[in-house]
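As structure tokens, the structure follows; a few thoughts come after it.
Any read-out appearing in this document is the output of simple, stated calculations on the displayed coordinates, not a laboratory observation. Keep in mind it's a predicted model, so treat the numbers as computed, not measured. As a convention, Cβ positions derive from the backbone with ideal geometry for all residues, glycine included, and neighbour counts pool all protein chains shown.
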Amino acid sequence: MTLGAQQELRLQTAPRRFPSLVVTIGVWMALLGHPTATVCGSVIHERTEEGGIQREYRLKAAFIYRICQYVTLPSTNLPPRSKTYVIGLVGPDPYGAALDALAGKKSSGGRVVQIQRYRSARSIGRCQVLIISPRLSDADLRSALKKAHAMKALTISDRSKFAAAGGMIALAIRKKKLRFDVNLKAAKKSGITVSARLLRLADTVIRAKESH
């Protein structure tokens, strides 16, 4: 039996209490510009529900960082001489240390990533990216989106129907794969440019209706 077959057998027979999560490794490769990237999957098994959730949010945090490299914010939000790139999170935090691990990394413009957390929409401060907690109330969601639009910040969330509600990047687990939708209409309203490469990888892209 080959090594690959042995590994596959171990994965199939390993005891599981948390459903396996398949992540689209091809998405990461494509976002990195890998010339031979294809959409493929890697099966990840967790022994506990808590461990599975932690792994899921580590993947989402890494994905958010990579997405940020493929959007261009207007100069009103990100002045050319700015040295920091603030990723904020509003509401109950499911990311924890996974989000903190992004601090100190560099954005596409060489700016240093900083992490800020806001307890409610009322306390949201200046940021370049606003992650909206899936557990934020509907009222706070509307307020958070309004504030983000006013300061031209990119909005990201894994809450249900986020793109339809006016959010820009909606993360979701579909068929055990980490996928995303893009509300290009909302992004353009805030003067945010989304890379064509990123749009090609999205499951759904909401566009403004063309006038005739």
(message) For a quick check: with amide H placed at 1.01 Å from N, whose amide H comes under 5 Å from Gln116's, ignoring anything fewer than 5 positions away on the same chain?
(response) Ile87, Gly88, Leu89
(request) Would you compute the Debye intensity of the stretch 147-201 from its alpha-carbon atoms alone, equal scatterers and no solvent, and pass along log10 I(q)/I(0) at q = 0.18, 0.27, 0.32 Å⁻¹ to two decimals? (result) -0.57, -1.11, -1.32
(request) Give Lys152/Lys185; Lys106/Lys176; Lys106/Lys185; Lys105/Lys185; Lys161/Lys189 a once-over and call out the pairs whose C-alpha atoms are over 22 Å from each other. (result) Lys106/Lys176; Lys106/Lys185; Lys105/Lys185
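May I ask for the net charge around Arg117, where only other residues with Cβ less than 11 Å from the Cβ of Arg117 are counted and Lys, Arg are +1 while Asp, Glu are -1? Walk me through the numbers on the way to the answer.
On the way: positive: Arg119; negative: Asp93, Asp100.
In short, -1.
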(request) Give me the distance between the Cα centres of the stretch 145-182 and the stretch 190-207, rounded to whole Å. (result) 12 Å
